[in-house]
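The values are calculated or read from the model by the stated rules, or taken from the named source; none is laboratory data. The shown structure was predicted, so the numbers you read here are calculated from the model rather than taken from an experiment. Here the Cβ positions follow ideal geometry from the backbone for every residue, glycine too, while neighbour counts run over all protein chains shown.
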Amino acid sequence: MVEPSVAIRLRGLTRRFGDVVAVNGVDLDVMDGEFLTLLGPSGSGKTTVLRMIAGFERPDAGTIELAGADVTQVPPFARDVNTVFQDYALFPHMTVQKNVEYGLKVKKVPSSDRKLRAQEALEAVRLDGYGDRAPSQLSGGQRQRVALARALVNRPKVLLLDEPLGALDLKLREQMQVELKEIQRQVGITFVFVTHDQDEALTMSDRIAVFNKGDIAQLGTPSEVYEHPSSSFVAGFVGTSNLLESEAAQAVLGRPGTWSVRPEKIRVLSVEETVGEGQHSVRGTVREVVYVGMSTRFVIDLAVGGSLVAVRQNSDMSTDLAHLRGEAVQLAWDSRHEYQVTD
Ligand code: ATP
(Lines give C-alpha, C1' and ligand atoms only; values in the text may rest on other atoms or scores of the structure.)
Protein backbone atom coordinates (compact mmCIF):
# COMPACT_ATOMS: atom_id res chain seq x y z
CA MET A 1 0.00 0.00 0.00
CA VAL A 2 1.22 3.49 -0.83
CA GLU A 3 1.75 5.68 2.22
CA PRO A 4 -0.43 8.81 2.06
CA SER A 5 1.70 11.90 1.61
CA VAL A 6 1.67 15.05 3.65
CA ALA A 7 -0.32 17.88 2.07
CA ILE A 8 0.45 20.51 4.71
CA ARG A 9 3.27 20.43 7.25
CA LEU A 10 3.43 23.05 10.00
CA ARG A 11 6.47 23.23 12.25
CA GLY A 12 6.83 25.55 15.23
CA LEU A 13 4.29 27.93 13.72
CA THR A 14 4.05 31.06 15.83
CA ARG A 15 2.22 34.37 15.47
CA ARG A 16 2.03 37.21 17.96
CA PHE A 17 -0.11 40.33 17.90
CA GLY A 18 1.54 42.73 20.34
CA ASP A 19 1.46 40.91 23.68
CA VAL A 20 -0.99 38.28 22.48
CA VAL A 21 0.52 34.98 21.38
CA ALA A 22 -2.22 34.00 18.93
CA VAL A 23 -0.45 30.84 17.73
CA ASN A 24 2.19 29.28 19.89
CA GLY A 25 4.55 26.85 18.14
CA VAL A 26 2.03 24.64 16.33
CA ASP A 27 3.27 21.37 14.77
CA LEU A 28 0.81 19.63 12.46
CA ASP A 29 0.79 17.29 9.46
CA VAL A 30 -2.35 17.26 7.32
CA MET A 31 -2.45 14.26 5.00
CA ASP A 32 -3.39 14.28 1.32
CA GLY A 33 -7.17 14.02 0.87
CA GLU A 34 -7.81 14.41 4.56
CA PHE A 35 -10.67 16.37 6.15
CA LEU A 36 -8.99 18.00 9.12
CA THR A 37 -10.85 20.32 11.45
CA LEU A 38 -9.35 22.99 13.67
CA LEU A 39 -11.76 23.09 16.62
CA GLY A 40 -11.53 25.42 19.58
CA PRO A 41 -13.10 28.28 21.48
CA SER A 42 -13.11 31.83 20.22
CA GLY A 43 -9.62 33.34 20.25
CA SER A 44 -7.76 30.02 20.41
CA GLY A 45 -5.83 30.73 17.20
CA LYS A 46 -7.65 28.60 14.60
CA THR A 47 -8.27 31.38 12.09
CA THR A 48 -4.74 32.71 12.43
CA VAL A 49 -3.36 29.23 11.60
CA LEU A 50 -5.64 29.04 8.56
CA ARG A 51 -4.64 32.52 7.42
CA MET A 52 -0.97 31.60 7.71
CA ILE A 53 -1.51 28.48 5.58
CA ALA A 54 -3.27 30.68 3.00
CA GLY A 55 -0.46 33.23 3.19
CA PHE A 56 -2.63 36.17 4.35
CA GLU A 57 -0.71 36.28 7.61
CA ARG A 58 3.06 35.93 8.05
CA PRO A 59 4.34 33.75 10.93
CA ASP A 60 6.80 35.24 13.43
CA ALA A 61 8.49 31.86 13.60
CA GLY A 62 8.14 28.40 12.14
CA THR A 63 7.58 26.95 8.68
CA ILE A 64 4.74 25.96 6.36
CA GLU A 65 5.17 23.29 3.71
CA LEU A 66 2.65 22.51 1.00
CA ALA A 67 3.20 19.17 -0.76
CA GLY A 68 6.78 19.09 0.50
CA ALA A 69 7.75 22.62 -0.62
CA ASP A 70 8.50 25.34 1.91
CA VAL A 71 6.05 28.17 1.17
CA THR A 72 6.59 30.20 4.34
CA GLN A 73 7.79 33.20 2.31
CA VAL A 74 5.56 32.58 -0.72
CA PRO A 75 2.72 35.11 -1.33
CA PRO A 76 -0.92 33.87 -1.18
CA PHE A 77 -1.60 33.91 -4.91
CA ALA A 78 1.38 31.64 -5.59
CA ARG A 79 0.19 28.95 -3.13
CA ASP A 80 -1.92 26.05 -4.36
CA VAL A 81 -4.70 26.68 -1.85
CA ASN A 82 -8.12 28.33 -1.91
CA THR A 83 -10.10 29.75 0.98
CA VAL A 84 -13.85 29.75 1.61
CA PHE A 85 -15.01 32.21 4.25
CA GLN A 86 -18.22 32.44 6.23
CA ASP A 87 -18.86 35.74 4.56
CA TYR A 88 -18.87 34.35 1.04
CA ALA A 89 -20.07 37.49 -0.77
CA LEU A 90 -21.08 36.42 -4.26
CA PHE A 91 -21.31 39.07 -6.98
CA PRO A 92 -25.05 39.91 -6.91
CA HIS A 93 -25.21 41.21 -10.49
CA MET A 94 -23.66 38.06 -11.97
CA THR A 95 -25.36 34.73 -12.58
CA VAL A 96 -24.30 31.69 -10.59
CA GLN A 97 -22.37 30.42 -13.61
CA LYS A 98 -20.48 33.73 -14.00
CA ASN A 99 -19.75 33.85 -10.30
CA VAL A 100 -18.12 30.43 -10.51
CA GLU A 101 -16.24 31.30 -13.70
CA TYR A 102 -14.91 34.56 -12.30
CA GLY A 103 -11.64 33.24 -10.83
CA LEU A 104 -10.82 31.47 -14.08
CA LYS A 105 -11.51 34.63 -16.04
CA VAL A 106 -9.03 36.51 -13.87
CA LYS A 107 -6.52 33.77 -14.66
CA LYS A 108 -7.30 34.23 -18.37
CA VAL A 109 -8.57 30.70 -18.90
CA PRO A 110 -10.27 30.57 -22.35
CA SER A 111 -14.05 30.97 -22.35
CA SER A 112 -15.04 27.46 -23.50
CA ASP A 113 -12.78 25.88 -20.88
CA ARG A 114 -14.16 28.20 -18.22
CA LYS A 115 -17.71 27.20 -19.00
CA LEU A 116 -16.96 23.50 -18.80
CA ARG A 117 -15.03 23.74 -15.58
CA ALA A 118 -17.68 25.92 -13.94
CA GLN A 119 -20.32 23.38 -14.91
CA GLU A 120 -18.24 20.57 -13.44
CA ALA A 121 -17.82 22.54 -10.21
CA LEU A 122 -21.57 23.22 -10.04
CA GLU A 123 -22.24 19.54 -10.58
CA ALA A 124 -19.85 18.67 -7.76
CA VAL A 125 -21.87 20.84 -5.35
CA ARG A 126 -25.14 19.48 -6.83
CA LEU A 127 -26.20 22.76 -8.39
CA ASP A 128 -26.26 21.76 -12.04
CA GLY A 129 -29.16 23.53 -13.67
CA TYR A 130 -28.78 26.61 -11.44
CA GLY A 131 -26.17 28.37 -13.57
CA ASP A 132 -28.54 31.01 -14.97
CA ARG A 133 -29.95 32.11 -11.64
CA ALA A 134 -28.96 35.21 -9.75
CA PRO A 135 -27.56 34.69 -6.24
CA SER A 136 -30.69 36.38 -4.84
CA GLN A 137 -32.77 33.51 -6.25
CA LEU A 138 -30.96 30.93 -4.12
CA SER A 139 -31.35 29.74 -0.54
CA GLY A 140 -28.57 30.32 2.00
CA GLY A 141 -27.33 26.75 1.64
CA GLN A 142 -27.31 26.99 -2.15
CA ARG A 143 -25.38 30.26 -2.00
CA GLN A 144 -22.85 28.61 0.26
CA ARG A 145 -22.49 25.80 -2.26
CA VAL A 146 -21.87 28.36 -5.04
CA ALA A 147 -19.09 29.80 -2.88
CA LEU A 148 -17.67 26.30 -2.59
CA ALA A 149 -17.95 25.75 -6.35
CA ARG A 150 -16.09 29.02 -6.87
CA ALA A 151 -13.19 27.59 -4.89
CA LEU A 152 -13.37 24.07 -6.36
CA VAL A 153 -13.26 25.41 -9.92
CA ASN A 154 -9.62 26.37 -9.37
CA ARG A 155 -8.86 22.73 -8.59
CA PRO A 156 -6.69 23.58 -5.60
CA LYS A 157 -4.70 20.90 -3.79
CA VAL A 158 -5.95 22.27 -0.51
CA LEU A 159 -9.17 24.01 0.44
CA LEU A 160 -9.26 26.13 3.58
CA LEU A 161 -12.70 26.74 5.07
CA ASP A 162 -13.23 29.30 7.83
CA GLU A 163 -16.60 28.66 9.55
CA PRO A 164 -18.27 28.37 6.13
CA LEU A 165 -21.57 27.18 7.63
CA GLY A 166 -21.69 29.74 10.43
CA ALA A 167 -24.39 31.90 8.82
CA LEU A 168 -26.83 29.06 8.18
CA ASP A 169 -29.68 28.03 10.46
CA LEU A 170 -29.23 24.80 12.40
CA LYS A 171 -31.26 22.48 10.10
CA LEU A 172 -29.53 23.68 6.96
CA ARG A 173 -26.21 23.65 8.70
CA GLU A 174 -26.60 19.98 9.65
CA GLN A 175 -27.65 19.12 6.12
CA MET A 176 -24.67 21.00 4.66
CA GLN A 177 -22.28 19.26 7.06
CA VAL A 178 -23.18 15.90 5.57
CA GLU A 179 -23.14 17.26 2.01
CA LEU A 180 -19.82 19.03 2.39
CA LYS A 181 -18.22 15.84 3.70
CA GLU A 182 -19.63 13.88 0.74
CA ILE A 183 -18.37 16.49 -1.73
CA GLN A 184 -14.93 16.42 -0.13
CA ARG A 185 -14.81 12.62 -0.39
CA GLN A 186 -15.79 12.79 -4.05
CA VAL A 187 -13.38 15.50 -5.15
CA GLY A 188 -10.57 14.13 -2.95
CA ILE A 189 -9.17 17.58 -2.09
CA THR A 190 -7.54 18.14 1.30
CA PHE A 191 -9.89 20.22 3.48
CA VAL A 192 -8.82 22.24 6.50
CA PHE A 193 -12.00 23.37 8.22
CA VAL A 194 -12.27 25.85 11.08
CA THR A 195 -15.17 25.71 13.52
CA HIS A 196 -15.97 26.27 17.18
CA ASP A 197 -18.89 23.82 16.94
CA GLN A 198 -17.96 20.43 18.39
CA ASP A 199 -20.89 18.57 16.76
CA GLU A 200 -19.87 19.94 13.38
CA ALA A 201 -16.28 18.81 13.94
CA LEU A 202 -17.34 15.34 15.09
CA THR A 203 -19.71 14.92 12.12
CA MET A 204 -17.38 15.92 9.33
CA SER A 205 -13.76 15.32 10.17
CA ASP A 206 -11.28 12.54 9.53
CA ARG A 207 -9.23 14.09 12.32
CA ILE A 208 -9.73 17.00 14.70
CA ALA A 209 -7.05 19.32 16.11
CA VAL A 210 -8.50 20.75 19.33
CA PHE A 211 -7.07 24.22 19.92
CA ASN A 212 -6.56 25.89 23.26
CA LYS A 213 -4.70 29.15 23.76
CA GLY A 214 -2.79 29.08 20.50
CA ASP A 215 -1.71 25.45 20.64
CA ILE A 216 -3.08 22.01 19.81
CA ALA A 217 -4.41 20.40 22.98
CA GLN A 218 -5.22 17.12 21.22
CA LEU A 219 -5.07 15.71 17.71
CA GLY A 220 -7.06 12.62 16.80
CA THR A 221 -10.03 11.06 15.05
CA PRO A 222 -13.47 12.21 16.25
CA SER A 223 -13.91 9.07 18.35
CA GLU A 224 -10.40 9.32 19.85
CA VAL A 225 -10.97 12.92 20.86
CA TYR A 226 -14.48 12.25 22.16
CA GLU A 227 -13.92 8.90 23.86
CA HIS A 228 -10.37 9.52 25.10
CA PRO A 229 -10.03 13.23 25.85
CA SER A 230 -6.45 13.84 26.91
CA SER A 231 -7.15 16.77 29.22
CA SER A 232 -9.98 18.25 31.22
CA PHE A 233 -10.04 21.10 28.68
CA VAL A 234 -10.71 18.70 25.78
CA ALA A 235 -13.18 16.67 27.86
CA GLY A 236 -15.11 19.88 28.52
CA PHE A 237 -14.89 21.42 25.08
CA VAL A 238 -15.74 18.30 23.06
CA GLY A 239 -18.88 17.03 24.76
CA THR A 240 -20.09 17.40 28.32
CA SER A 241 -17.40 17.76 30.92
CA ASN A 242 -18.11 14.78 33.16
CA LEU A 243 -15.23 14.56 35.57
CA LEU A 244 -14.53 12.61 38.71
CA GLU A 245 -11.84 14.49 40.53
CA SER A 246 -9.48 13.79 43.44
CA GLU A 247 -11.56 12.59 46.43
CA ALA A 248 -14.52 11.57 44.31
CA ALA A 249 -12.20 9.55 42.04
CA GLN A 250 -10.56 7.91 45.04
CA ALA A 251 -13.92 7.07 46.61
CA VAL A 252 -15.65 5.76 43.48
CA LEU A 253 -12.81 4.28 41.43
CA GLY A 254 -10.28 3.62 44.18
CA ARG A 255 -7.71 5.64 42.24
CA PRO A 256 -6.43 9.18 42.46
CA GLY A 257 -6.40 11.66 39.57
CA THR A 258 -9.05 13.15 37.28
CA TRP A 259 -11.26 10.80 35.28
CA SER A 260 -13.82 11.35 32.55
CA VAL A 261 -16.94 9.28 31.74
CA ARG A 262 -19.20 10.33 28.86
CA PRO A 263 -22.89 10.89 29.79
CA GLU A 264 -24.30 8.26 27.45
CA LYS A 265 -22.13 5.56 29.06
CA ILE A 266 -23.75 6.15 32.45
CA ARG A 267 -26.90 4.27 33.47
CA VAL A 268 -29.32 5.68 36.01
CA LEU A 269 -30.49 2.86 38.31
CA SER A 270 -32.47 2.52 41.49
CA VAL A 271 -30.34 2.29 44.62
CA GLU A 272 -31.41 -1.34 45.21
CA GLU A 273 -30.12 -2.62 41.91
CA THR A 274 -26.95 -4.73 42.02
CA VAL A 275 -24.19 -3.69 39.74
CA GLY A 276 -22.31 -6.35 37.78
CA GLU A 277 -18.60 -7.10 37.66
CA GLY A 278 -16.41 -4.65 35.78
CA GLN A 279 -18.83 -1.82 36.60
CA HIS A 280 -18.31 1.19 38.78
CA SER A 281 -21.19 2.78 40.61
CA VAL A 282 -21.90 5.80 42.75
CA ARG A 283 -24.92 7.07 44.64
CA GLY A 284 -26.41 10.48 44.25
CA THR A 285 -29.50 12.65 44.08
CA VAL A 286 -31.16 13.76 40.86
CA ARG A 287 -30.90 17.54 40.64
CA GLU A 288 -32.23 18.07 37.12
CA VAL A 289 -34.22 16.11 34.55
CA VAL A 290 -34.28 17.67 31.09
CA TYR A 291 -36.36 16.19 28.29
CA VAL A 292 -34.60 16.83 24.96
CA GLY A 293 -36.73 14.89 22.49
CA MET A 294 -34.59 11.92 21.54
CA SER A 295 -33.13 11.62 25.01
CA THR A 296 -33.44 12.72 28.62
CA ARG A 297 -30.57 14.36 30.41
CA PHE A 298 -30.02 13.96 34.15
CA VAL A 299 -27.74 15.98 36.40
CA ILE A 300 -26.91 14.00 39.53
CA ASP A 301 -25.23 15.38 42.64
CA LEU A 302 -22.95 12.69 43.97
CA ALA A 303 -22.87 11.63 47.61
CA VAL A 304 -19.05 11.80 47.44
CA GLY A 305 -19.11 15.38 46.10
CA GLY A 306 -19.27 16.78 42.59
CA SER A 307 -21.88 15.92 39.98
CA LEU A 308 -22.25 13.86 36.80
CA VAL A 309 -24.48 14.14 33.76
CA ALA A 310 -26.16 10.99 32.42
CA VAL A 311 -28.13 10.70 29.19
CA ARG A 312 -30.80 8.13 28.49
CA GLN A 313 -32.29 7.47 25.06
CA ASN A 314 -36.07 7.90 25.05
CA SER A 315 -36.58 4.60 23.28
CA ASP A 316 -39.70 3.47 25.17
CA MET A 317 -43.09 5.06 25.73
CA SER A 318 -42.69 6.20 29.33
CA THR A 319 -40.38 9.09 28.68
CA ASP A 320 -41.66 11.53 31.24
CA LEU A 321 -39.05 11.10 33.90
CA ALA A 322 -39.52 14.45 35.63
CA HIS A 323 -40.73 12.64 38.76
CA LEU A 324 -37.16 11.43 39.35
CA ARG A 325 -36.11 14.95 40.35
CA GLY A 326 -34.97 14.87 43.99
CA GLU A 327 -34.83 11.06 44.06
CA ALA A 328 -31.89 9.04 45.34
CA VAL A 329 -30.40 6.98 42.52
CA GLN A 330 -27.37 4.97 41.63
CA LEU A 331 -25.19 5.64 38.61
CA ALA A 332 -23.28 2.79 36.98
CA TRP A 333 -20.93 2.44 34.04
CA ASP A 334 -18.52 -0.06 32.59
CA SER A 335 -15.05 0.69 33.94
CA ARG A 336 -13.71 0.47 30.36
CA HIS A 337 -15.49 3.76 29.68
CA GLU A 338 -13.57 5.85 32.16
CA TYR A 339 -10.46 7.70 31.01
CA GLN A 340 -7.83 9.52 32.96
CA VAL A 341 -7.33 13.13 31.89
CA THR A 342 -4.73 15.71 32.84
CA ASP A 343 -5.78 19.01 34.38
P1 ATP B 1 -12.73 32.84 16.47
O2 ATP B 1 -13.39 31.50 16.56
O3 ATP B 1 -13.35 33.86 17.38
O4 ATP B 1 -12.52 33.32 15.08
P5 ATP B 1 -9.98 31.92 16.58
O6 ATP B 1 -9.72 30.68 17.36
O7 ATP B 1 -10.04 31.79 15.12
O8 ATP B 1 -11.26 32.66 17.13
P9 ATP B 1 -7.97 33.91 16.08
O10 ATP B 1 -8.85 34.75 15.26
O11 ATP B 1 -6.92 33.12 15.41
O12 ATP B 1 -8.82 32.92 16.99
O13 ATP B 1 -7.31 34.84 17.19
C14 ATP B 1 -6.34 34.40 18.12
C15 ATP B 1 -5.92 35.56 18.99
O16 ATP B 1 -5.22 36.52 18.24
C17 ATP B 1 -7.08 36.31 19.63
O18 ATP B 1 -6.70 36.69 20.93
C19 ATP B 1 -7.26 37.51 18.73
O20 ATP B 1 -7.79 38.60 19.45
C21 ATP B 1 -5.83 37.79 18.28
N22 ATP B 1 -5.80 38.38 16.93
C23 ATP B 1 -6.15 37.77 15.78
N24 ATP B 1 -5.95 38.59 14.72
C25 ATP B 1 -5.48 39.75 15.21
C26 ATP B 1 -5.08 41.00 14.64
N27 ATP B 1 -5.12 41.19 13.32
N28 ATP B 1 -4.63 41.97 15.46
C29 ATP B 1 -4.56 41.78 16.78
N30 ATP B 1 -4.92 40.63 17.40
C31 ATP B 1 -5.37 39.63 16.64
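Remarks
- The range 6-29 - residue that is of a type in the set (K, R) and more than 15 Å from the ligand (Cβ to nearest atom) and, of those, farthest from K213 (Cα to Cα): R9
- Residue match in the range 237-248 (condition: in a strand (DSSP E or B), touching a helix residue (DSSP H, G or I) at 6+ places or on another chain (Cβ under 7 Å) and crowded, with 16+ Cβ neighbours inside 10 Å): yes
- When T83 is tested against (1) within 16 Å of the ligand (Cβ to nearest atom); (2) surrounded by fewer than 18 Cβ atoms within 10 Å (Cβ to Cβ), only condition (2) is not met.
- Exactly one residue out of D32, D60 is surrounded by fewer than 17 Cβ atoms within 10 Å (Cβ to Cβ) and either within 15 Å of the ligand (Cβ to nearest atom) or within 17 Å of the chain's Cα centre (by Cα) (or both): that is D60.
- Filter result for the condition that a residue is small (G, A, S), more than 16 Å from M176 (Cα to Cα) and at pLDDT below 90, over G129, G103: G103
- The range 252-267, residues that are in contact (Cβ under 8 Å) with a residue 60 or more places away in the chain and within 30 Å of the chain's Cα centre (by Cα): G257, T258, W259, S260, V261, R262, K265, I266, R267
- Restricting the range 185-214 to residues that are among the hydroxyl-bearing types (S, T, Y) and closer than 16 Å to V158 by Cα, the residue that is nearest to the ligand (Cβ to nearest atom): S205
- Criterion (without any contact (Cβ under 8 Å) to a residue 24 or more places away in the chain, farther than 15 Å from F191 by Cα and touching a strand residue (DSSP E or B) at 6+ places or on another chain (Cβ under 7 Å)) met by exactly one of D27, D70, D113: D70
- T48, sole failed condition from (1) of a type in the set (S, T, N, Q); (2) within 9 Å of the ligand (Cβ to nearest atom); (3) within 22 Å of G236 (Cβ to Cβ): (3)
- Which numbered condition V290 fails, given (1) hydrophobic (A, V, I, L, M, F, W, C); (2) surrounded by 13 or more Cβ atoms within 10 Å (Cβ to Cβ); (3) modelled with pLDDT under 90: (3)
- Here the condition is being surrounded by 19 or more Cβ atoms within 10 Å (Cβ to Cβ) and out of contact with any Gly (no Cβ under 7 Å at 6 or more places or on another chain); of L161, L122, it holds for L161 alone.
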